[in-house]
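Structure record follows, encoded as structure tokens.
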Amino acid sequence: MGRYLKWALGGACLALMGMWSAADAAPPNVVMIVSDDQGWTDFGFMDHDVIRTPNLDRLAEESALFPNGYVPTSLCRASLATLLTGLYGHQHKICCNDPPDGVDRKLMHPFIKEAPSLPRLLQKAGYRSFQTGKFWEGHYENAGFTQGMTTKGRHGDSGLVIGRETMKPIYDFIVAEPEKPFFIWYAPMMPHEPHTPPKRLLDYYATKGRSVKLAKYYAMCEWFDETCGELLKYLDDHALRDNTLVVFVVDNGWIQETGNVRTTRGSFAPKSKLSPYDGGLRTPVMLRWPEHTTAGRYDDLVSTIDLAPTILHAAGLAPPPEMPGLNLLDVAAGKGPLKRDAVFGEIFMHTAVKVDQPVLNLTHRWIRAGDWKLIISRDPKRRPELYDVAHDPLEENNLAAIESERVRQLTKRLDDWWHAE
């Protein structure tokens, strides 16, 4: 309770300091679109040669697009918690999808209640907020949402109908109190399994020689794109585009497994979800806020820890000091490169050893600095992995043995960021 009280009081003070005066433009609405289990290459705007994503391609053309975006953790629950809090997993402690066998899931919910969550902080500035889709933390109020669809979890219970079955709850929420700014969390369980796309889309992708599993995944990506197009069209049709910050990101990557035997916990390849490789960690990040962001591709290294402070700055609020991320608005407006040359992350087990001690659940730490990516396993028997991701995007050629000094330097930077022992 002490930590929550500190953040709550701090948020109230920040709200008073950051409130928009009558002379200022109204604070923007915020719509955060979160794709679920989608590879960073699997969009038209990222040059995929098969998957069609016309709506997100259009958003990319209108946005500040960061193709070198990363999630710190390639597992959905931990990644979503970072989006909501602006904290790393070892800070918010929401590291694993499931508690140890025999431990009540409710014991994992206090962490989001104690964190400086976006909905809770935005509420101090007069925002109402709406949770839809994926949400692991029990009742939506645990994260400070004023309204929502999930009341129990695990994945998100009744909130998971969004996108796959309907978009109407979002539209009803928007029109309910038009005088107040809003924050919408659109995190449908798409293209996440089950891969059950409409037949019309599956028929397009189910070509001769292509695995049916891969065709279903491709079709799910396009189906997700269609729902994004519907949401963005609603904003346009209701004159909400100009004062709405649209944020797009993927919670973690995915490489579809096509064999008959699973090699991981699900139908994904080993170097994607739950792994320390770019197939699980990398994501495009998009920011669109007309007259405030400048459309174009920005090569800066960005992390999803940056999105909460960016949204708070857009709303006229200073982020709490616990948030380590950077405000992306200036670079997204074309005002120069981000003052950063590295991003960091950590990989945790799917099922926790102990819910309140992140280090016991840790499997890897990683850093990307410039074009170099270092992966350090918690297992002392495993050697470091070093990749030149600009020339080896699939991370197949481990250069650690011939770049020992670079390994030493990057290991020190990892330890300075978070020493896991």
| message | I need the phi-derived Karplus couplings for the range 268-283: 6.51 cos²θ - 1.76 cosθ + 1.60, θ = phi - 60°, integer Hz, Gly and Pro marked x. | response | 10, 6, x, 9, 10, 3, 6, 10, x, 9, 4, x, x, 9, 8, 8
| What is the distance in Å between the Cα centres of the range 367-409 and the range 48-62? | 32
| field | the range 196-239 versus the range 297-317: alpha-carbon centroid distance in Å | value | 28
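Would you mind ranking Glu137, Glu421 by Cβ crowding within 10 Å, fewest neighbours first?
Neighbour counts put them in this order, fewest first: Glu421, Glu137.
Expressed as a fraction of 2.2 N^0.38 Å, the rule-of-thumb size for a compact globular protein of N residues, what is the C-alpha radius of gyration of the chain?
On the way: Rg = 20.5 Å, N = 421, 2.2 N^0.38 = 21.9 Å.
The value comes to 0.94.
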| query | What is the magnitude of the charge dipole of the chain about its Cα centre, with +1 placed on the Cβ of each Lys and Arg, -1 on the Cβ of each Asp and Glu, and no other charges, expressed in debye to the nearest 20? | reply | 1000
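Go through the range 114-218 and name the trypsin sites (Lys or Arg not before Pro) that are in a DSSP coil and have 11 or fewer other Cβ atoms within 10 Å of their Cβ. Write out the running numbers ahead of the final one.
Numbers: sites: Arg120, Lys124, Arg128, Lys134, Lys152, Arg154, Arg164, Lys199, Arg200, Lys208, Arg210, Lys213, Lys216; in loops: Lys124, Lys134, Lys152, Arg154, Arg164, Lys208, Arg210.
Loop-located and lightly packed - Lys208.
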| Which of Phe224, Ser211, Gly259 sits closest to the plus end of the dipole of the chain, meaning its Cα is farthest towards the positive end, when Lys and Arg get +1 and Asp and Glu get -1 on the C-beta? | Gly259
| Tell me, what HN-Hα J-couplings in whole Hz come from the Karplus equation 6.51 cos²θ - 1.76 cosθ + 1.60 at θ = phi - 60° for each residue of the range 254-265, using x for Gly and Pro? | 7, 10, 5, 6, 10, x, 7, 10, 5, 10, 9, 5
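Got a sec? How would His109, His48 order by Cβ neighbour count within 10 Å, fewest to most?
Working: His109 18, His48 15.
The most exposed by this proxy come first: His48, His109.
Grab the Cα-Cα distance for Asp104 and Asn397, subtract it from 0.36 nm times how many residues apart they are, and report the gain in nm with one decimal. All intermediate terms of the calculation are to be shown ahead of the outcome.
Values: separation 293, 0.36 × 293 = 105.48 nm, distance 4.25 nm.
Going from the current span to full extension adds 101.2 nm.
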| query | In debye, nearest 20: dipole of the range 345-417 around its Cα centre with unit charges on the Cβ of K, R (+) and D, E (-)? | reply | 320
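Are any of the pairs Lys124/Lys373; Lys208/Lys233; Lys134/Lys216 more than 28 Å apart by Cα-Cα distance, and if so, which? Numbers along the way, then the final one.
Working: Lys124/Lys373 39 Å; Lys208/Lys233 35 Å; Lys134/Lys216 21 Å.
Cα-Cα > 28 Å for Lys124/Lys373; Lys208/Lys233; rest within.
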| query | What value, in deg cm²/dmol to 500, does the helix sum -39500 (n - 2.57) over DSSP H runs of n ≥ 4 give at 222 nm once divided by the residues of the chain? | reply | -8500 deg cm²/dmol
| task | Among Asp237, Asp101, Asp330, rank each residue by its count of other Cβ atoms within 10 Å, from fewest to most, as a rough exposure measure. | result | Asp101, Asp237, Asp330
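Readers should treat all values here as calculations from the given coordinates under stated rules, not as data from a laboratory. This structure is a prediction, so every number in the text was calculated from the model and none was measured. As a convention, Cβ positions derive from the backbone with ideal geometry for all residues, glycine included, and neighbour counts pool all protein chains shown.
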